[in-house]
Amino acid sequence: MHLVPTQEEVVALLRQTGALRDGHFEYPNGLHSNEYLQVPLAMRYYQHARVLSVGLSRLLRANSEIRAMIPELSIVAPGTGGLPVAYGMCEALRAHQVYWAERERDDSPMRFRQYMEVTPGEKVLLVDDILRSGRNLCEMKSLVESRGGILVGLAVIVYQPTPRTVSFDPLPLYYLAKMDAHYYTDAASCDLCAKKVPLEKAWI
Ligand SMILES: [Zn+2]
């Protein structure tokens, strides 16, 4: 394994840990796909989690502007999926603090716990396991900025853009692997349905 794992190494690790699976899946939004990807399945093994988060932190260190602000940097995750990444990066970078937001219900807005507050002018790096639609990261960005925080970049293990993925330009985006998503909008347009491949429901 390289100090910063290569795309191939990351994909192999995701497959080996069951985080990346081939098959025929239906997502709650109705999309069909030949792939299932849940990075937390890889993050349950501490050594693998460490390899990924340390690798990602090395990409950040290479940016001299971000390197200079590490002692005062907050690493903030938009939910629990990003937590192992956030803690791993905070340890590797020796950053100032880690915190996260949550939703009470799936349709509730994101919020911080009581007394977990953004200080005006605070430098914030947003971290998550994956950037797909960008919905959570986008809401997190608005929440941090509404409290006076200053975003300095985003870091994710996997970047899986779709035509609808939110753009965070001009913020720098760091990722270890960029993976294509193969989605069919519904059963009627799905090649796997046409071939009668057994369908599995993906929860999230
Ligand atoms: Zn299908």
(Q) Give me the net charge for the shell around V4: Cβ to Cβ below 13 angstrom, other residues only, Lys and Arg +1, Asp and Glu -1. (A) 0
Q. Once the whole set of protein chains is in place, how much accessible area is left on L3, using a 1.4 Å probe, in Å² to the nearest 10?
A. 120
Q: Provide the percentage of antiparallel DSSP beta bridges, counting only those with both residues in the chain; round to the nearest 5.
A: 25
Q. Non-local amide H neighbours of I150 (under 5 Å, H modeled in plane, Pro and chain starts lacking H): which ones?
A. G121, E122, K123, V124
Q) Using every alpha carbon pair in the chain, what percent of pairs falls into each 5 Å bin from 0 up to the bin containing the largest distance? A) 1, 7, 15, 19, 19, 16, 11, 7, 3, 2, 1, 0
Q: Just subtract the alpha-carbon distance of E102 and Y115 from 0.36 nm times their residue separation and send over the number in nm, one decimal.
A: 3.3 nm
Q | CD proxy at 222 nm, helix term only [per DSSP H run n ≥ 4: -39500 (n - 2.57); per residue of the chain; nearest 500] | A | -8500 deg cm²/dmol
Q. So which cysteines in the chain don't have a second cysteine's C-beta under 4.7 Å from them?
A. C90, C138
Q. Rounded to the nearest 20 Debye, what is the dipole magnitude of region 1-131 about its Cα centre when Lys and Arg each give +1 and Asp and Glu each give -1 at the C-beta?
A. 420
Q) What ranking do 152-160, 102-110, 9-17, 23-31 get when scored by the average of other Cβ atoms within 10 Å per residue, highest first? A) 152-160, 9-17, 23-31, 102-110
Q. Between Q47 and M69, what is the spin-label point distance in nm, taking each point 7 Å from the Cα along the Cα→C-beta axis?
A. 3.6
Q | Net charge, A187 excluded, C-beta distance under 14 Å - Lys, Arg +1, Asp, Glu -1 | A | -1
Q.
Keeping all protein chains in the complex and leaving out DNA, RNA and ligands, what accessible area do you get for S57 with a 1.4 Å probe, in Å² to the nearest 10?
A. 0
Q | Amide H contacts under 5 Å for V98, placed H, 5+ residues apart | A | I75
Q.
Please report the carbon-and-sulfur percent of the accessible area for the chain; probe 1.4 Å, protein heavy atoms only, DNA, RNA and ligands left out.
A. 52
Q) Is the shape of region 1-87 best called rounded, prolate or oblate, per the rule: a/c under 1.5 gives rounded, else a/b larger than b/c gives prolate, else oblate, with a ≥ b ≥ c the square roots of the Cα gyration tensor eigenvalues? A) prolate
Q. Accessible area of M179, 1.4 Å probe, to the nearest 10 Å²?
A. 20
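The values are calculated or read from the model by the stated rules, or taken from the named source; none is laboratory data. The shown structure was predicted, so the numbers you read here are calculated from the model rather than taken from an experiment. Reconstructed Cβ throughout: ideal geometry from the backbone, glycine too, with neighbour counts over all protein chains shown. With ligands, DNA and RNA removed, areas are computed over all heavy atoms of the protein, side chains included. Shrake-Rupley method; radii C 1.70, N 1.55, O 1.52, S 1.80 Å.
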